[in-house]
Amino acid sequence: MGSKVTIDVSNTQGRKRIFSYEDHDTFMVGRMNDCHLCIEDDTYLSRHHFIMEVNPPHARLQDLGSLNGTYVNGKKVGGRDVTETPEEALSRYKFPWVDLKDGDVISTGDTTFRMIIQSPDRVTGPIRCQKCGRDVSNESGAARGGTYICESCQKSAESSPFELLQQFLDENRLNRPLVAGRISNTSRLGFTQNEAMNFSDWDVVRVLGVGVFGASYHIVHRSTKKQAALKLMLPRTAAGKDVQESFLRDTQVVQKIKHHNINEVFESGYRNGIFYFVMDYCNVGNLESLRRGGKVQTTFLVLSMLQVLEALTTAHNEGYIHRGIKPQNILLNSADNNLTTRISDFGLTRSFIRNGLSGMTVTGSAVGSYPYTPREQVVDFRVARPETDIWALGATMYNLLTGEFPRNFMHGKDPLDVILNGDIIPIRQRDPSIPLDIAEIIDHAVRNDPSERYQHAGEMLSALKRVWKKTG
């Protein structure tokens, strides 16, 4: 049996409900009907009172600036004064969150939430950091068992992509024994080659980008001069053999989507506690790197988005969702006087989160993609639909044309509160010079209600083609 988080809910009237989670998810409580537990008649509760993020066997709670606060084992977490708004309270408390453990009791008014956290004892000896070698068995991220890079080394890798690369390339670590001798230190799935890539034959030219979960590098084969991009993803939690294989299988399935506007992955695997992906190198860069004065030209953006939507239409037709679209994941390659736009990292973020490798991505620190996150990705965390990609693509276009985001993410304001309660600002309020027909497409894509957006990439593609025919 895997790890499991159960929330036993009861109140003074004798009502009882059980919520159980075996995968990464969210649980929100309040008086609004979009909450997972909606108690409309409880005046103690705020509209959105608290949110809990579960990533079994871990769970974390954040009060959402409620009027009366949330109590964990009798201690008040969050809350606000009568004269304060939820936003002011969240700013004062600096986004309060608390890690939860088995047996903790949460209370709000007459409702009680008892935490039952089950985690099979799969660790038969001390867990040592894959990088520094010290015993890290007491760290929460090591609880699952398997290979693990400690929190201190994770922070070093996050602050320096060269630290991450050094950990990945260290040949000496490949032969070190691990806990119980049960977990393999390297693994590969789904390749036609007989042997894995020998990275000592490749030169690292430069860092291409740094993201929430790792970094990407431009690499060149020393003798053949073949160019490629190497992407490294650092798990926030321990990765046992079963988790390694599950994540790699997930990514291999998505990589079966073949389209000239989707960047191809040649090889992927797990080495020295880090997942890696070797893919086509795009020699122009990504859309984020092409800004001039913080913005991209409208005509150029429309041409790029037509290609992106062609690829997304194919993916959506085959039932695949990206769930991580942003300017950094839209690449450009020049060959034979043609400029091709390609979507990168297809399905990686979704699979990384689904397999519990991302740590806490809603109430935690891995929030680099918040500006491109639609509201339902917080409320319906596990659900990934075409409309989710539509919102992220609309937010990408919005940002590239204006240098701003559809919502106002201001300093000192909790980004989670902005996503849940912030208004969508029509794009022409940011820049009235944006053509009306382009603005209408973007505004349609970033509506808060998924049912009011384009329901499929093909719908948005048709709309953009009609505009391009009139102006192109």
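The values are calculated or read from the model by the stated rules, or taken from the named source; none is laboratory data. As the structure is a computational prediction, the values presented were derived from the model and not from experiment. Here the Cβ is made from the backbone with ideal geometry for all residues, glycine too, and neighbour counts use every protein chain on show.
Residue check: residue 288 meets all listed conditions (1) over 21 Å from residue 308 (Cα atoms); (2) within 19 Å of the chain's Cα centre (by Cα); (3) outside any strand (DSSP E or B) but one, namely (1). Scanning segment 5-36 for residues that are buried (at least 16 other Cβ atoms within 10 Å of the Cβ) and either without any contact (Cβ under 8 Å) to a residue 24 or more places away in the chain or under 24 Å from residue 361 (Cα atoms) (or both) yields a total of 17.
Which numbered condition trips up residue 246, out of (1) of a type in the set (Ser, Thr, Tyr); (2) outside the structural domain of residue 333 (by TED's automatic domain parsing); (3) over 30 Å from residue 362 (Cα atoms)? The single condition residue 246 does not satisfy is (3).
To keep it simple, each residue is scored yes or no on (1) assigned to a helix (DSSP H, G or I); (2) at pLDDT 95 or above; (3) within 26 Å of residue 464 (Cα to Cα).
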site	(1), (2), (3)
309	yes, yes, yes
313	yes, yes, yes
319	no, no, yes
324	no, no, yes
332	no, yes, yes
345	no, no, yes
351	yes, no, no
357	no, no, no
360	no, no, no
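Looking only at segment 255-282, which residues are assigned to a loop (DSSP other than H, G, I, E, B) and closer than 25 Å to residue 158 by Cα? Correct list: 263, 272, 273, 280, 281, 282. Can you find even one residue in segment 381-398 that is surrounded by fewer than 19 Cβ atoms within 10 Å (Cβ to Cβ), in contact with a strand residue (DSSP E or B) (Cβ under 8 Å, 6 or more places away or on another chain), part of a loop (DSSP other than H, G, I, E, B) and modelled with pLDDT under 95? Yes; the residues of segment 381-398 include at least one that is surrounded by fewer than 19 Cβ atoms within 10 Å (Cβ to Cβ), in contact with a strand residue (DSSP E or B) (Cβ under 8 Å, 6 or more places away or on another chain), part of a loop (DSSP other than H, G, I, E, B) and modelled with pLDDT under 95.
Filtered by the rule that a residue be free of Cβ contacts under 8 Å to residues at least 60 places away in the same chain, part of a loop (DSSP other than H, G, I, E, B) and surrounded by 17 or more Cβ atoms within 10 Å (Cβ to Cβ), segment 447-472 gives a lone residue, 447.
Pick from segment 419-440 the residues that are closer than 23 Å to residue 388 by Cβ and in contact (Cβ under 8 Å) with a residue 40 or more places away in the chain: which of them is nearest to the chain's Cα centre (by Cα)? Here the answer is 419.
In this entry, residue 410 is excluded by the filter for residues that are among the hydrophobic types (A, V, I, L, M, F, W, C) and part of a helix (DSSP H, G or I).
Would it be correct to say that residue 51 is among the hydrophobic types (A, V, I, L, M, F, W, C), over 18 Å from residue 377 (Cα atoms) and not in a loop (DSSP other than H, G, I, E, B)? Criteria not met by residue 51.
Sort out for me the strands (runs of 3 or more DSSP E) sitting completely within segment 200-254 that have 1 or more residues that are of a type in the set (Asp, Glu) and in contact with a strand residue (DSSP E or B) (Cβ under 9 Å, 6 or more places away or on another chain).
Of the strands (runs of 3 or more DSSP E) lying wholly inside segment 200-254, those with at least 1 residues that are of a type in the set (Asp, Glu) and in contact with a strand residue (DSSP E or B) (Cβ under 9 Å, 6 or more places away or on another chain) span 202-210.
For segment 268-289, a residue qualifies if it is of a type outside the set (Val, Ile, Thr), surrounded by fewer than 21 Cβ atoms within 10 Å (Cβ to Cβ) and out of contact with any helix residue (DSSP H, G or I) (no Cβ under 8 Å at 6 or more places or on another chain), and the qualifying residues are 280, 281, 283, 285, 289.
When each of 121, 104, 99 is tested for being acidic (Asp, Glu) and either modelled with pLDDT under 70 or more than 28 Å from the chain's Cα centre (by Cα) (or both), the lone residue that passes is 121.
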